[in-house]
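Right, one structure below, let's go through it.
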Amino acid sequence: MVKGPGLYTEIGKKARDLLYKDYQGDQKLSITTYSSTGVAITTTGTNKGDLFVGDVFTQVKNKNFTADIKVGTDSSLLTTFTYDEATPGLKAIVSAKVPDQKSGKVELQYLHDYAGICTSVGLTASPIVNFSGVVGNNVLALGTDVSFNTQSGDFKHFNAGFSFTKDDLIASLTLNDKGDKLNASYYHTVNSLSNTVVGAEVTHSFTTQKNAITVGAQHALDPLTTVKARVNNDGLANALIQHQWRPKSFITISGEVDSRAIEKSAKVGFALALKP
């Protein structure tokens, strides 16, 4: 197994997951079933106020080949075909969304002990070309992420990032939005036995001269129950509790309070994921 720097999307990912993953402001139900041939079918419904959104996700695996098909309530059809380990470390992905004729793209990912490369090309006459590359190892990683519009001849985005990992500490620094936003994140495992983690993210905009700060933490009450909390400089405080009541099946309850407007009702979210 490759233990290199990974792909560009992994720079700062653990801090982002700590601060934003699983926080739910709506009511969501997800049920997964498996056929006798191993086909996985996941049905998801989300209640967003007066709007109900649902989709059906089907996944078929055969050795190194995976086919993912997702049908939404808006009649959209997203298909993704993945072939893993075409050669050691190489993954090929073809995806398209119907009826969006411009959504098709081909993507290649390559992982090495000292590099991670991802490139994709849109399946259009004037495609958008994306490239990201990371060099380093499992301690230090330096990378860039570029998207180029061949029709207009302009860069859609140009980002760069740096990551440092040492024992129980992960620190990252990224420059996004063509150099307009600087993002720094911090992830620290305080106690691995109780899965106690703290983290923070600071974003600075050079255009507006504004800072956004979010800090958060998580702790496992027992092997099946985890609590998380976060707060940002706008006074929004969030907390959640997640319990695994059977293998791979989770119930998550989360809430949000605006400390600058206590008179407003707190937002409560609920998510239930069922797997056999």
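Observations on the structure shown:
- Of residues in segment 1-52 being within 19 Å of the chain's Cα centre (by Cα) and acidic (Asp, Glu), the one farthest from residue 110 (Cα to Cα): 26
- Selected residue (only one of 91, 97, 63, 3 is farther than 30 Å from residue 255 by Cβ and touching a Leu at 6+ places or on another chain (Cβ under 6 Å)): 97
- The strands (runs of 3 or more DSSP E) located wholly in segment 1-97 that include 1 or more residues which are open to solvent by 80 Å² or more (accessible area, probe 1.4 Å) and farther than 25 Å from residue 241 by Cα occupy 27-34, 51-62, 65-72, 77-84.
- Inter-residue pairs, beta-carbon under 6 Å, first touching a residue at least 60 places away in the same chain (Cβ under 8 Å) and buried (at least 18 other Cβ atoms within 10 Å of the Cβ) and in segment 122-134, second of a type in the set (A, V, I, L, M, F, W, C) and part of a strand (DSSP E or B), 6+ apart: 132/118; 133/117; 134/141
- Residue that is least open to solvent (accessible area, probe 1.4 Å), among those in segment 261-276 that are of a type outside the set (Ser, Thr, Tyr) and assigned to a loop (DSSP other than H, G, I, E, B): 261
- Scope segment 176-195; condition surrounded by 14 or more Cβ atoms within 10 Å (Cβ to Cβ) and either within 17 Å of the chain's Cα centre (by Cα) or in a strand (DSSP E or B) (or both); matching residues: 176, 181, 182, 183, 184, 185, 186, 187, 188, 189
- Only a single criterion out of (1) open to solvent by 60 Å² or more (accessible area, probe 1.4 Å); (2) assigned to a strand (DSSP E or B) is not satisfied by residue 200, namely (1).
The values are calculated or read from the model by the stated rules, or taken from the named source; none is laboratory data. In this text the structure is predicted, and so the values were computed from the model without any measurement. All Cβ positions, glycine included, derive from the backbone under ideal geometry; neighbour counts span all protein chains shown. Surface areas here come from the heavy atoms of the whole protein model, side chains and all, with no ligands, DNA or RNA. Shrake-Rupley method; radii C 1.70, N 1.55, O 1.52, S 1.80 Å.
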